[in-house]
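Comments concern the structure below.
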Amino acid sequence: MATKSTKYIPDEKKERKEILKKYKEILSYLYDKTNKEQRLLIRKAFHLAVNAHKDMRRRTGEPYIYHPLEVAKIVSQEINLGTTSVVCALLHDVVEDTDYTLEDIQDIFGEKVAKIIDGLTKIEDIVINDEDISIQAENFKKIFLSMSEDVRVILIKLADRLHNMRTLDAMPLEKQWKIASETAYFYAPIAHRLGLYSIKSELEDYAMQYTDPIAYNTISNKLKKSEPERETLIEDFVRPIKEKLKEKGIDAEVSSRTKSIFSIYQKMKRKKIDFEDIYDIFAVRFVFDSDVENEKPICWAIYTIVTELYKTNASRERNFLTNPKPNGYQALHVTAMSNSGKWVEVQIRSKRMDEIAEKGFAAHYKYKEENKTPKDYENRVEDWLTKIRDILKSEDTSALDFLNEIKLNLDLKEVIIFTPKGDMKVLPAGSTILDFAYELHTQLGDTCIGGKVNYNIVPVNHVLKNGDQVEIITSKKQTPKADWLDFVKTSKAKEAIKSQIRAEQKKYYDKGVNLLKMFFEELKIKYSSANIRKLQDALEIKSPIEFWNYIAIGKLSKNRIRKIFFNEENADLEEFQKKFTEKKHETSLEQLIDEELKINPEIFMLDESFDNIEQVQIADCCKPIPGDQVVGFQSSKKTLVVHRINCNNAIEQMSKYGNRIIKARWRKEQNIAFLSGIRIVGFDKKGILKDIIDIVSSDFELNIKSINIETKRNVFTGVMMLYIENVNTLNNLIENLSKIDNIEQVTRIGF
């Protein structure tokens, strides 16, 4: 992982040597895989990149050319791509950052290289007239448009992002948050979907290092401390297996790998367990060389040896030999109990499977070209790319909607569904009867009214489970509904529904436009996209089709438009609030806090350039309190929402709108309380609630807003909302509550 860099002192003579050294490393690695003509092309790209970036330096102070050289190295050595990809990696920033144009690149290197470079070049000439437009989402969409034609675009982009993450410590804090959030939200899942496990894990760990440094360093230190014990355990575990393999004449390389820090942390949060309670922190891997026909028999032979020597956990066995993961991963997994009483995950795979597992999509194509891929192997990544192309066909999908759709399609979890005749279909986890209907045929989906799952009648939104046998029920009177879009999972279903709705309701568009223009003209309101959006937001109608249909069928009156645009509704609301306030005799603490934030937004120290902020809001999703590391997110021109930096919602927002991040920190002298919460889990006993309240109310003198206790089979779970002035008080409270007898776990809500 990255360490804080020391100040870089330029030395042109040393730098020239280093540039040449890096170039020769790339060429040396590729030498046996390229011919003379290809090596000359790489040299031409190298010289052009050096010349184009000659006066440029990175924020670290190093020559900028170091970056494209490192990206080219990752592309060739870590992703296993060839000449064209290395040329594009060397040139990937030339058009964006120098005077060279795409036309220049095409003239020198040809159309294919120019197209890939175009896909890697950020969009800078977008005219932003809408606050909801995300430049980042527009750039992601452009990458996918290019990727649908040539997957090397995203592979080179991943290499670019990986090197940026390796050198991220040189960037300012707000840039670190933005780039790390983008990486966790978008790039790491893409790497996973493409089967690039090593790159995926490294990206996740780097992102966590910046978005949640405390948790990252805690787990990292525990891994280092337990390393000697793990090494001894692995050595003792594999010794008898190696002896048996030798007896059977099976030549297999043995290695071990430790679970990534991010994966460990996610499991701790998901399972609500401590580091010490995770039994698959490390795994032992057996990799053997074999022709395709003998891969499976050898895997099962090694499996038999392991299960004869050790007791195994049947619930943890995974057969990815006959059912590869959607990213192409194949292996046999078994979890065995070692002689020291620790569970050990064993992964068994051939060298072909191992290379695909580590280098993903690119490795798959290497074996496909060499005819070394099993005949029954289904390339699920190609299927995924087909789905992406289907999403891109949608004409009315905004960049943000597209990004959200892509996120859904990055999930590797799937369900296997059977037709009444026993034909198998693979769908994303969470798919419904309607998704299955559209998967079979568009006409079935359009007329679907429900289905039979394992002979039981269910509605169209019924979520399917692995192994379900499904029969679709249709009606000639049925037509696609707009609310179907709320629960279908697959892009094929969504696009088919949108297409039918567009065709059905298009006739309403012209009528709706003419009516609205007439109303606006009579009320002297300018007919503009901004005013249409204002009206649409006020009516809370998200779909443009539904919006124009709503107007066309006469549901929108001129009087309603007048109220929206001339604040008559606001006047009514203010009058209501005034009457309500007059009746209320005292103000709650929660209201006082809200009022205090409105009066004193300077409770957060902001950059001087953001002195137009009028309102500061505490994010409900993570409820930061003084002492937490926080980031400000400008949700509108005058409103700042403050999140904890490790909040998932904040990470998602920063990944989409990185330009709206504002530095924020707590003022030391501020003295108001903030609503926070804790979750308490333990074994029930008489008087335990009194013990908890005594500590909270008497010892810490805190104001409790609410407390809820549930008991089931002698185990109780309590959720307490209270007002806290700072994070130190909260941590001390958690520590004291943890000391109560029978209390097993006390955690902050949102952790």
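Of note:
Residues checked against (1) touching a residue at least 24 places away in the same chain (Cβ under 8 Å); (2) in contact with a strand residue (DSSP E or B) (Cβ under 8 Å, 6 or more places away or on another chain); (3) hydrophobic (A, V, I, L, M, F, W, C):
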position: D160; (1), (2), (3): yes, no, no
position: L173; (1), (2), (3): yes, no, yes
position: W177; (1), (2), (3): yes, yes, yes
position: A180; (1), (2), (3): yes, no, yes
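- The criterion of being among the β-branched types (V, I, T) and in a helix (DSSP H, G or I) does not hold for I273.
- All of E70, E96, E25 fail the test of being under 27 Å from I154 (Cβ atoms), in contact with a Ser or Thr (Cβ under 6 Å, 6 or more places away or on another chain) and either assigned to a helix (DSSP H, G or I) or aromatic (F, W, Y) (or both), apart from E96.
- In summary, R560 fulfils each of the numbered conditions (1) at pLDDT 85 or above; (2) under 30 Å from E504 (Cα atoms); (3) more than 40 Å from the chain's Cα centre (by Cα); (4) not aliphatic (A, V, I, L, M) with the single exception of condition (1).
Conditions tested, residue by residue: (1) outside the structural domain of T322 (by TED's automatic domain parsing); (2) part of a strand (DSSP E or B); (3) in contact (Cβ under 8 Å) with a residue 60 or more places away in the chain.
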residue: Y438; (1), (2), (3): yes, no, no
residue: K452; (1), (2), (3): yes, yes, no
residue: I457; (1), (2), (3): yes, yes, no
residue: N461; (1), (2), (3): yes, no, no
residue: I472; (1), (2), (3): yes, yes, no
residue: K477; (1), (2), (3): yes, no, no
residue: K492; (1), (2), (3): yes, no, yes
residue: Y509; (1), (2), (3): yes, no, no
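Here is a yes/no grid of residues against (1) at pLDDT below 80; (2) polar (S, T, N, Q); (3) over 25 Å from T639 (Cα atoms); (4) out of contact with any helix residue (DSSP H, G or I) (no Cβ under 8 Å at 6 or more places or on another chain):
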| position | (1), (2), (3), (4) |
| --- | --- |
| A664 | yes, no, no, yes |
| E669 | yes, no, no, yes |
| L675 | yes, no, no, no |
| V746 | no, no, yes, no |
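- Single match in L444, L440 (criterion: touching a helix residue (DSSP H, G or I) at 6+ places or on another chain (Cβ under 7 Å) and farther than 28 Å from E652 by Cβ): L444
- Test result for A482, free of Cβ contacts under 8 Å to residues at least 40 places away in the same chain and either in contact with a helix residue (DSSP H, G or I) (Cβ under 8 Å, 6 or more places away or on another chain) or at positive phi (or both): no
- Out of E295, E247, sole residue that is of a type in the set (D, E) and surrounded by 14 or more Cβ atoms within 10 Å (Cβ to Cβ): E295
- Residue list for segment 429-462, restricted to those being within 29 Å of the chain's Cα centre (by Cα) and surrounded by fewer than 16 Cβ atoms within 10 Å (Cβ to Cβ): A429, N461
- Conditions (1) over 21 Å from Q653 (Cα atoms); (2) part of a helix (DSSP H, G or I); (3) touching a residue at least 60 places away in the same chain (Cβ under 8 Å): number failed by G195: (2)
So that you can scan it fast, the table gives a plain yes or no per residue for (1) modelled with pLDDT of 90 or more; (2) surrounded by 15 or more Cβ atoms within 10 Å (Cβ to Cβ); (3) more than 28 Å from the chain's Cα centre (by Cα):
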site: V287; (1), (2), (3): yes, yes, yes
site: A301; (1), (2), (3): yes, yes, yes
site: T304; (1), (2), (3): yes, no, yes
site: N313; (1), (2), (3): no, no, yes
site: P324; (1), (2), (3): no, yes, no
site: Y329; (1), (2), (3): no, yes, no
site: A336; (1), (2), (3): yes, yes, yes
site: K342; (1), (2), (3): no, yes, yes
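- Flag if R230 is surrounded by 15 or more Cβ atoms within 10 Å (Cβ to Cβ), under 26 Å from E202 (Cβ atoms) and not polar (S, T, N, Q): yes
- Among residues of segment 637-649 that are surrounded by 21 or more Cβ atoms within 10 Å (Cβ to Cβ), those with a Cβ under 6 angstrom from a residue that is outside any loop (DSSP other than H, G, I, E, B) and of a type in the set (D, E, K, R), sequence gap 6+ or separate chain, pair up as R644/D628.
- Pick from segment 507-524, criterion over 16 Å from I564 (Cβ atoms) and of a type in the set (F, W, Y), ranking: modelled with the lowest pLDDT: Y508
- Which numbered condition N327 misses (of (1) closer than 28 Å to Y210 by Cα; (2) in a helix (DSSP H, G or I)): (2)
- Residue in segment 563-586 that is farther than 29 Å from M721 by Cα, at pLDDT 70 or above and not hydrophobic (A, V, I, L, M, F, W, C) present: yes
- Restricting segment 534-543 to residues that are surrounded by fewer than 16 Cβ atoms within 10 Å (Cβ to Cβ) and part of a helix (DSSP H, G or I), the residue that is nearest to the chain's Cα centre (by Cα): D537
- Condition check for E70: surrounded by fewer than 21 Cβ atoms within 10 Å (Cβ to Cβ) and at pLDDT 95 or above: yes
The values are calculated or read from the model by the stated rules, or taken from the named source; none is laboratory data. Keep in mind the model is a prediction, meaning the values are calculated, not measured. When we count neighbours, we look across all protein chains shown, and the Cβ atoms used for this are built from the backbone with ideal geometry, even at glycine.
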